[in-house]
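Asks: Following this message is one structure expressed as structure tokens.
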Amino acid sequence: MDITFFGRLTDLTGNKDLNTDGITNTEELLQRLLDLYPSVSEIPFVIAVNNQIIHGRHILKKGDHISLLPPFSGG
Amino acid sequence: MIENIQENIFIEGAIPVDLITEILLHQNRNTHTGAYSIFVGQVRDDEIGGSRVSAVEFTTHTEMALEKFHEIKRSICAKYPLADFLAFHSVGRVLTGEICFFVLASSVHRGEAIKACQEAVERIKAEMAIWGKLLLENETAKWKENN
């Protein structure tokens, strides 16, 4: 499962992306992230699965592409 | 009826003033247009922690951002009778004093052009997956936060 970080998350994780296995839902995803990068708890972000922003608990399937999006700051 | 099919709004680096001039000149062709409202966003030299902003580095989730742009454009064009509507946004580095964001709405009368332009600016800032990192003169950086 590919996870791409955006905005300040790239600084907090030191990475643009992460490839990880064994995650079946967003709760497990968040726990995995906190285990690997505790500082991600410093900022809010939303989760997009295959380019759709999702809310709450969401099942994740093999091959899903996850994007983690902090608050937008364009313009 | 909007004729332009603008696929991509992103420009690498600063938006050239010449491009804006070209766009405005292009509007002249539609002699039924009576007004165009434009927004030009420029990188500002804010002072942060005792040091001034020297540039902003913009990044984007391109696919999501462009999908959202087309949604915003469809919505604005359905709401206001516009002759033309387009926008550009920088990606990559833009120096203070350079242009990073441009929106144009044109119409027969000024009311709808002004409202459409303003609404588009606010929606693009709020809804498009774009991030700005403020690069300071003291070589530190801070992530931009929109109001």
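No lab work stands behind these numbers, since they all come straight from the coordinates. From a predicted model like this one, the values you see are computed outputs, not experimental measurements. Glycine gets a Cβ as well: all are built from the backbone with ideal geometry, and neighbour counts include every protein chain shown.
Asks: How many percent of Cα pairs in the range A:2-69 exceed 20 Å?
Replies: That tail contains 17 percent of the Cα-Cα pairs.
Asks: With no solvent and one equal point scatterer placed on each C-alpha of the protein assembly as shown, evaluate the Debye formula and give log10 I(q)/I(0) for q = 0.12, 0.13 Å⁻¹, two decimals.
Replies: Each listed q maps to, in turn, -0.72, -0.82.
Asks: Now, a different point. Please figure out what share of the DSSP beta bridges in the range A:2-69 is antiparallel and state it in percent, rounded to the nearest 5.
Replies: Bridges in the range A:2-69 are about 75 percent antiparallel.
Asks: Still on this structure: Mind checking B:123-136 for the average number of partner chain beta-carbons within 10 Å of each residue's beta-carbon?
Replies: For this peptide, the per-residue mean of nearby foreign Cβ atoms is 4.
Asks: Let me check the size of the range B:16-73 from its C-alpha atoms; what are the radius of gyration and Dmax in Å?
Replies: Answer for the range B:16-73, Rg first and Dmax second: 16.9, 51 Å.
Asks: Please list log₁₀ I(q)/I(0) at q = 0.12, 0.15, 0.22 Å⁻¹ for the range B:16-143, using the Debye equation with identical point scatterers on the alpha-carbon positions.
Replies: Scattering profile of the range B:16-143, log10 relative to I(0): -0.51, -0.75, -1.23.
Asks: Per the helix-only calculation at 222 nm, which mean residue ellipticity applies to the protein assembly as shown, given -39500 (n - 2.57) for every DSSP H run of n ≥ 4 and division by its residues, nearest 500 deg cm²/dmol?
Replies: Computed mean residue ellipticity for the protein assembly as shown: -9000 deg cm²/dmol.
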